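What follows is a short report on a single structure.
The values are calculated or read from the model by the stated rules, or taken from the named source; none is laboratory data. The structure presented is a predicted model; accordingly, all values stated were derived computationally and were not measured. No Cβ is skipped: glycine too gets one built from the backbone with ideal geometry, and neighbour counts run over all protein chains shown.
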């Protein structure tokens, strides 16, 4: 036999712990997302270097133009560029580096002696010496290492390595072809890295850009600039005291959250589980709402459970008492039928015809009572399982039908007030309920019923007052109990009023026994649909 697979359940306390630990881990784990921000810093650094290179390129070109007799013949010609739209006058250079995709190249190679056929023009050497002081001042502010190379790749301006060639460096090769190039290279620092440097790539890299200096489609040189991006973790390590304080605060806050969620959610849930177990064992005290549910939702859940448990308990008590009543009501006629049957069977020949007839008539009467009880029980079962429909009933029409129906049976019905109201109840149910009440009046020797209707807010109240013998004070609290009747000898089953009450309450109505000096007064309450001017 294959047992059904039991789906795994997680304890609420475990889920809350996981949630709170996640809250704790997220801020600490966010350090691994610093690379995203580091990439933005790399892009920002590249953009700043491009801006510096553009300015230095313009200064360098201006110096060449004013220092040479024929600058148009200087430099290396480049291939014709692709034509641009007529309205396009700008040629922006945008940052392209991506720390997560671009490889980190080895440190920049040192410069070498240039070839004999790639000597630098003396005029450009002089220009470079003049610009070196400007580049040095710029470095003091921007922290960028700046070199100016001629169109052969030889250094003409910068802090060091004058006259050396960098033409074999990857980014310089691209720039000597007239193309902007940027790369990321390893950085060798004189300072020891912070202890948490292994988390970041930004602690050991440097951004290099090679910006071609182009004039009238001729390459005049290259502006070569590098700088280390801003380092997040270095600043973070410098503020380690504040970081530790923030971490301790997060841990403390998480502990408070765990305690708070445990007290506000987990504890009431476990209390409710204990109440459920107690209620299943029949403990009436366990069916009361929680004393301190803490949250509104838990209070609603506790109150709903309490109402459900009390309702089930009352229902169970009702079924137990009902079963006892049914057993008693059926036992009496069945016992009488069985006794009469046994007497007839044993003494049939010795009985007179009149006596035999009497026994048979008693058996038939008891059989009719059993039949009536079964019919009434079926009516009660239908009433208790009644599903309210969306039908409505006009009270005036039903009252007039009731009047016509019972006038021929010797019951005078007077409608004392205007009754043209539309009620939220089925016509059949309303007519059946009022007919049962009228029949009950007849059984209590009433000859007249007065019907008085009044409206209050969205409800209609119907008072039915008869002139019968009334209900004794001792019986007033029992009239809606199943099988309670003072008219048993005339065939009363004690189920009529209970059926009426059940049908009316199924449509959100009410019925109550009122106070009156003579006869019986019932007050019925119904939800109102609308009022029709009659």
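Of all residues in region 75-93, which are free of Cβ contacts under 8 Å to residues at least 24 places away in the same chain, under 17 Å from residue 178 (Cβ atoms) and either within 54 Å of the chain's Cα centre (by Cα) or in a helix (DSSP H, G or I) (or both)? Before the answer, list the steps.
Quick first cut of region 75-93, residues free of Cβ contacts under 8 Å to residues at least 24 places away in the same chain only: 82-92.
Subsequent filtering for residues that are under 17 Å from residue 178 (Cβ atoms) retains 82-84, 91-92.
91, 92, listed by residue number.
For the structure I just gave you, tell me whether residue 97 is assigned by TED's automatic domain parsing to the domain that holds residue 37, surrounded by 11 or more Cβ atoms within 10 Å (Cβ to Cβ), assigned to a loop (DSSP other than H, G, I, E, B) and modelled with pLDDT of 90 or more. The answer is yes for residue 97. Just the residues that are under 11 Å from residue 366 (Cβ atoms) and either touching a residue at least 12 places away in the same chain (Cβ under 8 Å) or touching a strand residue (DSSP E or B) at 6+ places or on another chain (Cβ under 8 Å) (or both), please, taken from region 334-351. Once the filter is applied, which keeps residues that are under 11 Å from residue 366 (Cβ atoms) and either touching a residue at least 12 places away in the same chain (Cβ under 8 Å) or touching a strand residue (DSSP E or B) at 6+ places or on another chain (Cβ under 8 Å) (or both), region 334-351 yields 334, 336, 337, 340, 341. Residues that are more than 25 Å from residue 392 (Cα to Cα) and buried (at least 17 other Cβ atoms within 10 Å of the Cβ) within region 445-479 comprise 446, 466, 467, 468, 470, 471, 479, listed in sequence order. In this structure, is residue 72 outside the structural domain of residue 253 (by TED's automatic domain parsing), surrounded by fewer than 12 Cβ atoms within 10 Å (Cβ to Cβ), modelled with pLDDT of 65 or more and not in a loop (DSSP other than H, G, I, E, B)? Criteria met by residue 72. Tally up the residues in region 24-67 that are in contact with a helix residue (DSSP H, G or I) (Cβ under 8 Å, 6 or more places away or on another chain) and modelled with pLDDT under 70, please. Number satisfying all stated conditions: 6.
Every condition in (1) over 51 Å from the mean Cα position of the chain (by Cα); (2) at pLDDT below 80; (3) more than 30 Å from residue 343 (Cβ to Cβ) is met by residue 368 except one, and the failing one is (3).
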